[in-house]
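The structure appears right after this line, and notes come after that.
FYI, it's all coordinate maths here, none of it is from the lab. If you're wondering where the values come from, they're calculated on a predicted model, not measured in any experiment. Cβ placement follows ideal geometry from the backbone for every residue including glycine, while neighbour counts extend to all protein chains displayed.
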Amino acid sequence: MRKNKEVTGSMGGTEDVINVEDHMTELDLALSRHGLSAEKIILTDELTDPLAPFRVAASYKIKGEILIKRRITREEQRAVIDALSEFDPRAEELSDDLTFLKHAVLHEACHILWRYKNCNECDAWAFYEMLI
Ligand SMILES: [Zn+2]
């Protein structure tokens, strides 16, 4: 008997996007090592940061909350990788979906944990944390 593939909404259940909700358990684990948890993650449909238009995540530093786009397109993923590759040779590792999400979430966790660190420092910190 053939099992029908589940089709969700207009996305057609394809792999055109990274569906963040599918990775919450792993993200929770990554955050738990820093005293945070997936409860701090807020999924959002829209995210626009004029200072960093390619970013897919942001943070409310005071509330300690991490905003991340619910669905991340391949174009958005590529834009982040391209922007990062100017500074870090490890950027291509982010073409793996879970690695990409962990890096994005840890980057924002870094801003929450150390408010004085800038984005480049938090990118480097997130890469370092993923190696451990
Ligand atoms: Zn940042």
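Please give the length that would be gained between Asp22 and Thr44 if that part of the chain were fully extended, namely 0.36 nm times their separation in residues minus their C-alpha to C-alpha distance (nm, one decimal).
Values: separation 22, 0.36 × 22 = 7.92 nm, distance 1.46 nm.
Gain on extension, Asp22 to Thr44, equals 6.5 nm.
At a 4.7 angstrom Cβ threshold, list every cysteine in the chain that has nobody to pair with, or say none.
Cysteines of the chain left without a disulfide-compatible partner: Cys119.
Compute the longest continuous run of the chain that contains no exposed chymotrypsin sites (Phe, Trp or Tyr not before Pro); treat a site as exposed when its DSSP state is not H, G, I, E or B and it has at most 16 other Cβ atoms within 10 Å. Don't jump to the answer; show the numbers that get you there.
Values: sites that count: Phe54, Phe87, Trp114, Tyr116.
With a cap of 16 other Cβ atoms within 10 Å, the longest stretch comes to 1-53.
Any idea how far apart Met130 and Asp88 come out in nm if each label point goes 7 Å out from Cα toward Cβ?
0.7
Need one number: nm distance between label points at Arg70 and Arg33, each 7 Å from Cα along Cα→Cβ, rounded to one decimal.
Output for this residue pair reads 3.0 nm.
Please order Asp16, Asp45, Asp123 by the number of other Cβ within 10 Å, starting at the fewest. Write out the running numbers ahead of the final one.
On the way: Asp16 12, Asp45 7, Asp123 23.
Least to most surrounded, the residues fall as Asp45, Asp16, Asp123.
Rounded to the nearest 5, what is the percent of antiparallel bridges among the DSSP beta bridges in segment 11-93?
Values: 7 of 11 bridges.
Taking every DSSP beta bridge within segment 11-93, about 65 percent pair in antiparallel fashion.
Nearest 10 degrees is fine. How inclined is helix 119-131 to the longest principal axis of the chain, computing both from alpha carbons?
With rounding to tens, the tilt is 70 degrees.
Give the span of the chain's Cα atoms along each principal axis, as three whole-Å numbers ordered largest to smallest.
For the chain, the Cα spread along each principal axis is 56, 32, 31 Å.
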